[in-house]
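Comments concern the structure below.
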Amino acid sequence: MDYNGQYPHHKMEFDTGTVIVINGDCADVLKELHELGFKFNTSITSPPYAEQRKDVYDSISPADFPQWYTNISTDVMNVVYDDGSYFFNIKEHVDKGKRDTYVYKTVIDISEKYNWSDEYIWNKTNPFPTGAKTRLKDGFERIYQFNHTTKYKFFPDEVKVPSTSKYLESEKKRKNKGEHNVTNGSSMNMTKRVAEDMVRPSNVITCSTSNLNIGHPAVFPIDIPNFFIKLSTEENDWILDPFGGSGTTALSAIQNNRNCVIIEKSEQYYQLIIERLLQYGRENYI
């Protein structure tokens with residue numbers, strides 16, 4: 001895949017994949033990518049939150065956010081394959097003691113155009129104090145999944161986790177190797193259940209926030225894109241991140257033998273992404 005569009009860009013080839021970093025407003029770049037015929041297997045991103053980090057990104061009011069991000073999401077879905085997925089991480093803020101509802105309005109608006117397939121919880125192991133006397137630490141964020149249809153690439157075996165069943169060892173020792181003759185109390189038929197050491201995970205992803213000090217205020221923890229890249233793509237597939245930030249999605253892509261196009265509006269962070277990837281190349285390929 002080659003990009004020959006009008007926006008500044010930098011292409012990097014690694015042994016495990018290709019990354020194209022584009023400097024521009026994704027609202028414009030995505031339309032150009034669509035016109036150029038680009039298609040991606042999955043898009044993973046975290047957009048700027050409404051009226052947050054005004055010193056870093058353009059401020060978008062909560063009232064304007066649903067329409068703005070629904071338009072962006074439409075542009076994203078226009079360049080995602082029919083069997084591809086779109087994941088975005090976002091968390092509404094609290095203003096004067098009241099949690100805003102703009103995220104819920106945005107999700108409802110997008111769900112009227114595309115299939116809302118799932119909702120994931122990012123359970124933070126190191127939540128930061130809110131500073132509010134009447135609220136607890138903000139220990140989770142949501143990640144939403146949208147698709148064109150109910151049929152999409154999905155590889156749960158690639159994200160299996162060790163079983164935590166207290167009955168695992170006794171089940172494995174039984175002569176019938178995991179067959180059950182009873183239900184699990186929820187009317188589910190358990191007769192075909194087989195005890196395994198590794199099992200399909202829940203939609204709760206537990207990991208810490210990133211503590212990297214690399215010149216960006218909101219570095220995405222690499223565990224998040226790692227999970228969704230493995231869950232929704234195969235090796236050599238193409239990943240899109242329209243809000244590149246510090247470049248974590250691109251780094252995850254090449255670590256997992258995928259390719260990535262990453263868009264970043266800020267010139268400062270565009271250069272940061274390039275340098276971060278070049279540093280990774282120097283440390284791992286030289």
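Bear in mind these aren't lab numbers, they're just calculated from the coordinates by the rules spelled out. Nothing here was measured: the structure is a model prediction, and the numbers come from that model. All Cβ positions, even for glycine, are placed from backbone atoms using ideal geometry, and neighbour counts span all protein chains on display.
Computed values, structure above
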item: From phi via Karplus (6.51, -1.76, 1.60), per-residue ³J(HN,Hα) for region 259-274 in Hz, x at Gly/Pro; result: 10, 8, 10, 10, 10, 9, 6, 6, 4, 4, 7, 4, 5, 4, 4, 4
item: Student exercise, region 61-156 dipole from Lys, Arg, Asp, Glu Cβ charges, in Debye to nearest 20; result: 540
item: Sequence-distant residues sharing a close amide H with Thr206 (under 5 Å, placed H); result: Asn123
item: Neighbour-count ranking [beta-carbon atoms within 10 angstrom, fewest first] of Ile274, Ile121, Ile224; result: Ile121, Ile274, Ile224
item: Proxy reagent accessibility, fewest Cβ within 10 Å first, across Trp68, Trp122; result: Trp68, Trp122
item: Label-zone membership for region 148-166, site Lys113, 7 angstrom Cα→C-beta point, backbone N under 13 Å; result: 148
item: Region 29-46-region 72-98 distance, computed between alpha-carbon centres (Å); result: 14
item: Residue order, fewest to most surrounding Cβ atoms within 10 angstrom, among Cys26, Cys260, Cys207; result: Cys207, Cys26, Cys260
item: Calculated from backbone phi, Karplus (6.51, -1.76, 1.60) coupling profile of region 142-148 in Hz, x at Gly/Pro; result: 9, 10, 9, 10, 10, 9, 5
item: Interchain or long-range residues, amide H under 5 Å from Phe140's placed H; result: Lys124
